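Working notes for the structure below.
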Amino acid sequence: MKSSGFERFIIADCHCDTLIDVAEKKRGLGELSRSGHVDIPRLKKGGVGIQFFAAFIEPCYKPVRALERALELIDVFLNEIEENADDIGL
């Protein structure tokens, strides 16, 4: 198969809200999922080298619990990195 020449580029996706699903225990990043847009298997298949994960704070947490929710999402993300250390890093 002939190379497309794009292998030398790093593909970056600059936004996804996947951490909300992970925080709600709907799925993890390491497993192929039919819901949402991002998981590690699909990132690999698509050749994505950089993924930015948004810590989106849903309106129901504002203003009183916004910081608590942000810290929860960051903690969920750090746990996913630890669980999938062979595939992703900060």
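The values are calculated or read from the model by the stated rules, or taken from the named source; none is laboratory data. This is a predicted model, so every value here is computed, not measured. Note that each Cβ is placed from the backbone with ideal geometry, even for glycine, and that neighbours are counted across all protein chains shown. Calculation scope for accessible area: heavy atoms of the full protein, side chains included, ligands and nucleic acids excluded. Shrake-Rupley method; radii C 1.70, N 1.55, O 1.52, S 1.80 Å.
Things to note:
- Taken over the stretch 33-90, the criterion of being at positive phi and out of contact with any strand residue (DSSP E or B) (no Cβ under 7 Å at 6 or more places or on another chain) is satisfied by 36 alone.
- Condition check for residue 38: touching a helix residue (DSSP H, G or I) at 6+ places or on another chain (Cβ under 6 Å), assigned to a loop (DSSP other than H, G, I, E, B) and among the aliphatic types (A, V, I, L, M): yes
- Among the residues listed as 39, 21, 17, the single one being under 13 Å from residue 88 (Cβ atoms), surrounded by 15 or more Cβ atoms within 10 Å (Cβ to Cβ) and among the charged types (D, E, K, R): 39
- Answer residue from the stretch 45-81, given it is in a helix (DSSP H, G or I) and in contact (Cβ under 8 Å) with a residue 24 or more places away in the chain and is least open to solvent (accessible area, probe 1.4 Å) among those: 73
- The residue list 23, 70 contains one member that is small (Gly, Ala, Ser) and touching a helix residue (DSSP H, G or I) at 6+ places or on another chain (Cβ under 7 Å), which is 23.
- Residue-level check: of (1) part of a loop (DSSP other than H, G, I, E, B); (2) open to solvent by 80 Å² or more (accessible area, probe 1.4 Å); (3) not charged (D, E, K, R), residue 33 misses just (2).
- Flag for residue 21 being in a loop (DSSP other than H, G, I, E, B) and in contact with a Gly (Cβ under 8 Å, 6 or more places away or on another chain): no
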